[in-house]
Amino acid sequence: MLWRLGTVPYLNAEPLTAALREPDAALLVGDAVRIEALVPSQLIGALLERQVDAALVSTAAVLPHRELRILPGMCVGSRGPVRSIQLYCRRPVAEVRTVALDASSRSAVALTRVLFAERWRRAPEFITLPPHLPSMLEAADAALLIGDPALQANLVLDTGAWAGPSVDRLDLGAVWQELTGRPFVYAVWAAPADVDLERLAQMLTRAKAWGMQRLGLLATRGAQEKELPRDVTWKYLTEAIHYHLDAEACRGAELFCDLAVRHGVLPAPSAVRFAEISDLAGAGARIPAECQAPTPGT
């Protein structure tokens with residue numbers, strides 16, 4: 001069988017997807033695959049239009065769609081500082097009037113809107129721009145960057161190479177954790193409910209196992225490809241990003257969905273709908289009860 005899979009072109013996806021691009025991918029994961037890399041804001045459209053069979057897609061993009069199911073056991077998440085979802089502010093956040101949002105993003109954009117409403121009790125004007133920090137901060141009081149551009153912007157700021165205005169950085173993974181005490185789930189593997197979800201989950205769980213065993217290799221590759229120090233990519237993959245969609249992460253996703261609906265960030269029919277997978281033991285995954293089945297009545 002050939003799976004058409006969509007993913008994002010960011011370092012944080014590599015532990016879940018690198019095996020799928022290896023020359024012997026079919027031997028590693030059990031099925032043939034064809035990968036297409038798109039930014040999160042484009043990936044959900046490819047999935048809904050059936051251009052791909054499944055995608056590592058933004059959680060916020062999945063939740064409004066009743067026809068999609070989240071696969072258990074795998075995610076791109078954080079349990080505190082995430083390093084690659086950053087809000088750069090030219091003024092104190094309590095005084096921010098305009099926010100430039102990364103045009104590539106879906107989950108981080110939704111998280112930003114939720115945090116302004118729930119944590120900072122503010123309703124700034126949001127505009128969407130390409131992920132270029134100097135241009136974004138020329139147009140707005142604050143700028144949201146995600147993924148590799150955020151890691152690269154952090155490096156410029158940390159090394160003193162930044163020539164723009166003085167900025168404060170807010171790590172939105174840390175802000176979410178402080179507000180809720182829960183992990184945040186940025187991306188999940190999702191697919192339409194009518195595909196072979198069990199076979200798909202088995203295959204993707206094998207890919208995850210391959211990647212988690214090779215974080216050193218992926219950190220080295222990432223440092224070379226993204227022009228980042230190797231210690232930055234290593235700490236990012238091993239400390240900042242968490243890849244297990246366990247019970248606590250599932251509860252974090254549920255809370256995010258509730259808050260996003262409450263504040264009008266996501267439409268009211270939004271819900272966390274998990275695929276019902278009978279057994280992933282053969283691929284080394286244990287499925288928490290919270291992550292096993294679609295939400296009742298949705």
Taking 7 Å along the Cα-to-C-beta vector as the label spot, tell me the ILE35-ALA139 distance in nanometres, rounded to one decimal. 3.1 nm
Dipole magnitude of the chain about its Cα centre (Cβ charges: Lys, Arg +1; Asp, Glu -1), debye to nearest 20: 300 debye
Net lengthening on full extension, LEU155/GLU227 (0.36 nm per residue, minus Cα-Cα): 24.9 nm
For the chain, take the longest principal axis of its alpha carbons; what is the angle in degrees between that and the long axis of helix 107-118, to the nearest 10 within 0 to 90? 50 degrees
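Run through segment 213-284 and list the trypsin sites (Lys or Arg not before Pro) located in a DSSP loop whose Cβ has at most 13 other Cβ atoms within 10 Å.
Working: sites: ARG214, ARG221, LYS226, ARG230, LYS235, ARG251, ARG262, ARG273; in loops: ARG214.
Loop-located and lightly packed - none at all.
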Take GLU125 and ARG4, extend 7 Å from each Cα along the Cα→Cβ direction, and tell me the distance between the two endpoints in nm. 4.1 nm
Isotropic mean projected area of the C-alpha convex hull, the chain (nm²): 14.4 nm²
Given the Cα-Cα distance of ALA193 and GLU248 and 0.36 nm per residue of separation, how much length would full extension add, in nm? 17.4 nm
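How much mean residue ellipticity at 222 nm does the chain get from its helices, if each DSSP H run of length 4 or more adds -39500 (n - 2.57) and you divide by all residues, to the nearest 500 deg cm²/dmol? Numbers along the way, then the final one.
Values: 12 runs with 116 residues, N = 298.
For the chain, the value works out to -11500 deg cm²/dmol.
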Considering only DSSP states other than H, G, I, E and B, which GluC sites (Glu not before Pro) in segment 1-95 qualify as loop sites with at most 16 other Cβ atoms within 10 Å? GLU49, GLU67
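Considering only protein heavy atoms, what per residue accessible area in square angstrom results for the chain with a 1.4 angstrom probe?
In whole numbers, the chain has 41 Å² accessible per residue.
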Roughly what angle does helix 197-212 make with the longest principal axis of the chain, taking Cα atoms, 0 to 90 degrees, to the nearest 10? 60 degrees
Need one number: nm distance between label points at ALA103 and GLN42, each 7 Å from Cα along Cα→Cβ, rounded to one decimal. 1.1 nm
Tell me which residues come under 5 Å, amide H to amide H, from LEU245 once H is placed; ignore anything under 5 positions away on its chain. GLY73, MET74, CYS75
Cα long-axis angle, helix 147-158 against the chain (0 to 90 degrees, to the nearest 10): 40 degrees
In sequence order, what are the phi-derived ³J(HN,Hα) couplings for segment 4-9 according to the Karplus relation 6.51 cos²θ - 1.76 cosθ + 1.60 with θ = phi - 60°, rounded to whole Hz, with x for glycine and proline? 9, 10, x, 9, 9, x
Segment 109-156 - Rg and Dmax from Cα coordinates, angstrom: 11.5, 31
Carbon and sulfur atoms account, in whole percent of the 1.4 Å probe accessible area of segment 153-251, for 48 percent
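The values are calculated or read from the model by the stated rules, or taken from the named source; none is laboratory data. Source: prediction; values computed, not measured. Here Cβ is always computed from backbone atoms with ideal geometry, including for glycine, and neighbour counts include all displayed protein chains. Calculation scope for accessible area: heavy atoms of the full protein, side chains included, ligands and nucleic acids excluded. Shrake-Rupley method; radii C 1.70, N 1.55, O 1.52, S 1.80 Å.
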